[in-house]
Amino acid sequence: MNKFLHLLAALLVAASASVASAKTIHIPENKPVVTLDIPNAWEPEFTDHGVGAESPDEVVTIFFEVAKSEKQMNKLIDDSFSWLTEEHNLKINPNTKVESNVTVGGTQANKIEFNAQSKKYGPAKVGFIFAPVGERVLVITYWATASEFTAKHQAVLNQIYDS
């Protein structure tokens, strides 16, 4: 298991009390193919294709979106890159791309992660996880401020992934 998942697991263990006050999210809302438990403190908010949440200390931002096709998945990725680079001024280093396999909710998934730099927050990690869900794909997009990404955040993320 890679460092990201280890940190994610530790965060979930540390945050087990906060999961008691979690909101169950259905994606899409009307005919769910994915259900997640996101702590209320992360203030989950619905997007056009799923839900986004942010850690209370603003160290981790994560989106869970369902794509119906490869074209829609690519659009979600393009939109995420634009949002990160244009709205948050992240400089994503394409030369640091690392691909790996992870498990999300008991399902094998592919992960792509990059190092990034923010003027406001410093070093960061940006990643995408692609988990098949029937004929659709759960696209998880995250931005974690590397210098602040601690074990407590990893445990909460693991709990969300496993929910």
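The values are calculated or read from the model by the stated rules, or taken from the named source; none is laboratory data. As the structure is a computational prediction, the values presented were derived from the model and not from experiment. Neighbour counts run over all protein chains shown; Cβ positions are idealised from the backbone, glycine included. The protein model used for the area step is the full one, side chains on, heavy atoms only, and it has no ligands, DNA or RNA in it. Shrake-Rupley method; radii C 1.70, N 1.55, O 1.52, S 1.80 Å.
A few comments on the model shown:
- Looking at the range 47-135, the trypsin sites (Lys or Arg not before Pro) that sit in a DSSP loop and have at most 15 other Cβ atoms within 10 Å of their own Cβ are K68, K119, K120.
- Neighbourhood net charge (15 Å Cβ-Cβ; Lys/Arg +1, Asp/Glu -1) for F81: -2
- Added length on full extension, which subtracts the Cα-Cα distance from 0.36 nm per residue, Q108 to K75: 9.6 nm
- Share of alpha-carbon pairs per 5 Å distance bin for the range 30-77, given as whole %: 5, 19, 28, 22, 15, 9, 2
- Cα extents of the range 56-96 along the three principal axes, largest first (Å): 32, 29, 20
- Across T145, T24, the residue with the most accessible area heads the list, and the full order at a 1.4 Å probe is T24, T145.
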